[in-house]
Every structure is written in structure tokens, then in C-alpha cells.
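Asks: One structure, as C-alpha cells, below. Some questions next.
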Amino acid sequence: MAYKLSRVVAMVTGGASGLGRATAEHFVRKGARVAIVDLPSSGGETLAESLGNTCMFCPTDITNTHDIVDALEETRTKFGSLEVLVNCAGIGHARKVFNAKTKQPHSLEEFSKVMKVNFLGTIDVIRNSVGIMYENEPGDEKQRGVIINTASIAAFDGQIGQAAYSASKGAIVGMTLPLARDLARVGIRVVTIAPGIFQTPLVEGLPEEAIKKLEEDVPFPSRLGKPREFASLAASIIENPMLNGEIIRLDGALRMK
């Protein structure tokens, strides 16, 4: 039997802000029980309290395996299971591989940090969550869980200064099908969403003229994506059992130059 959002336990990494926050809020409104995973310094605790007793906050650094394991155990202890994982945690740095003005190369430390959070953090949460999902009783479709990862259209259309970010998101895209094939044996689906330019705190901090230019570049609708639209797609993926091993662009037909 296909999952219904109202009956699942979900974990959302990066759930205290941006796309992750919108996803957590949408899932709770639809009746899901949700564990918000984010840094201790985030607003995750306040958000979880505002969403009621079907939501909990797990302060977690996803570059720390012990934190991840603790968050998963806390979720299972409180809610009894885990059917859905949505990976939204991520960072980005705008740096050219070589800066001709300063004659300095891209910092390897910065490049490594982006890869560690965006890619290694994502796979670390996945590999530790699968064992818990495997304990779920399979339904009519023999389904035990759903994993939704967040890439970016930068994985395909990376711009100047996005080498590290694009590489990290490209890695998420590249592992989608192998993970889906691997986890098919245990009844777990894997789908990746590749968003375009969305109304996140990072983008909203830009000057008004810059935001207007970004909106004009989107063919239709010519605006920034709304986080709730990402959340809505994530919900549809959960409830449609034939969606598996796919990368879905959510970008208003934007192709960056």
C-alpha cells in the first residue's frame, strides 16, 4: 500500500530553515510526525515547539556520525519508527578555482567542507537510517521507506564560482540511481529533487535588484520558487510508489548560464 503522509514518521535534515523548514511544517500540517534535524545553534527547538507534540528537534551536526546515530535513536524512541528521510541540510561557498586578482587558488579546506556537509553528510544520514527503515513492516508494495535528497540545478548548470557546490550536488545526483537499485532489495525508494532558485534566507539577503534579475531569468513562472512548492513535491514523492531512482528538476525551466 502506498504511503499516506498522515501516517508516516519523517526526519528532515536542515529542517530549521529554508526548504527543510517548509517541508517540516507542511508534513506536520498533513498529519505526519516529524523530527527536525539541524545544528544546535539553529532555531530548530523553537520551531518544533511551535509545531506541537507531533514534532521534535534533534540538535545535530550531520558531519558527526555520533550525532546522526543519536538523532535517529531519539526519533525511533519518541515516534516508534522512521519511514521517510528528507535531506535538506547543505552549505555553499562562491569561490573561483583561481582568483586572478589575488593570485590565490580555491581553498582546499573550503572545498572539502562543502563536500563534507553536502555530500558526505547526506550519505552518512542515509546509511545510518536504512537499518531503522528495514525494521518497518513492508506494505502491499513491499515498501519500507522513502529517501528524498536535495541536489540543485547547479549540478547540471553550475555557474562561475560554484565548482565546490556543483561538485557536491553533482555527487548527490550521481548516487541517486545506484542507491535506488541498491535499496530496492529492502523496499526503500530514493528520489532526488534539484531545485532552481528559491526564496531561502540566503537569496532573500541579496539586494532587491539582484533578486529581480534572478526572477527575470526564470522562463515561467518568472519568480523565485516558494519553499512550500518544494515541500509539496516531497509529499507527492512519498505518496507515489512508482517514483524511484529519479532526479526531478524544480526550476520553472531555468537553465543557468
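The values are calculated or read from the model by the stated rules, or taken from the named source; none is laboratory data. What you are looking at is a predicted structure, and each value in this text was computed from that prediction instead of being measured. Neighbour counts are summed over all protein chains in view; Cβ atoms, including those assigned to glycine, are modelled from backbone coordinates with ideal geometry.
Asks: Looking at the stretch 1-34 only, could you name the residues that are buried (at least 24 other Cβ atoms within 10 Å of the Cβ) and of a type in the set (S, T, N, Q)?
Replies: T13, T23
Asks: I've got another one for you. Do the conditions hold for R144, that is, is it closer than 17 Å to I238 by Cα and not acidic (D, E)? Walk me through how you get there before you give the answer.
Replies: Working: closer than 17 Å to I238 by Cα: yes; not acidic (D, E): yes.
Here the answer is yes, as R144 does meet what is asked.
Asks: Failed condition for V69, given (1) closer than 23 Å to R144 by Cα; (2) buried (at least 24 other Cβ atoms within 10 Å of the Cβ); (3) of a type in the set (V, I, T), with all others met?
Replies: Result: V69 fails condition (2) only.
Asks: Another one. Cβ-Cβ distance below 9 Å, separation of 6 or more or different chains: which pairs start in the stretch 91-104 with a residue that is within 21 Å of G158 (Cβ to Cβ) and end on one that is among the basic types (K, R) and surrounded by 11 or more Cβ atoms within 10 Å (Cβ to Cβ)?
Replies: What qualifies is I91/K113; H93/K113.
Asks: I'd like to check something: does the stretch 108-121 contain any residue that is within 26 Å of I36 (Cβ to Cβ), in contact with an Asp or Glu (Cβ under 9 Å, 6 or more places away or on another chain), at pLDDT 95 or above and part of a loop (DSSP other than H, G, I, E, B)?
Replies: no
Asks: Select from the stretch 134-149 the residues that are of a type outside the set (V, I, T) and surrounded by 13 or more Cβ atoms within 10 Å (Cβ to Cβ) and list them in ascending order.
Replies: Residues satisfying the conditions are Y134, N136, P138, G139, E141, Q143, R144, G145, N149.
Asks: Now for a different question. From the list A151, A155, A184, A180, pick out the single residue that is farther than 13 Å from I247 by Cβ and small (G, A, S).
Replies: Answer to the selection: A184.
Asks: Continuing with the same structure: Name the residue that is surrounded by the most Cβ atoms within 10 Å (Cβ to Cβ), counting only residues in the stretch 150-182 that are part of a loop (DSSP other than H, G, I, E, B) and polar (S, T, N, Q). Full working, then the answer.
Replies: So in the stretch 150-182, the residues part of a loop (DSSP other than H, G, I, E, B) come out as 151-153, 158-161.
Now narrow it down to the ones that are polar (S, T, N, Q): 152, 159.
On the way: S152: 29, Q159: 12.
The qualifying residue surrounded by the most Cβ atoms within 10 Å (Cβ to Cβ) is S152.
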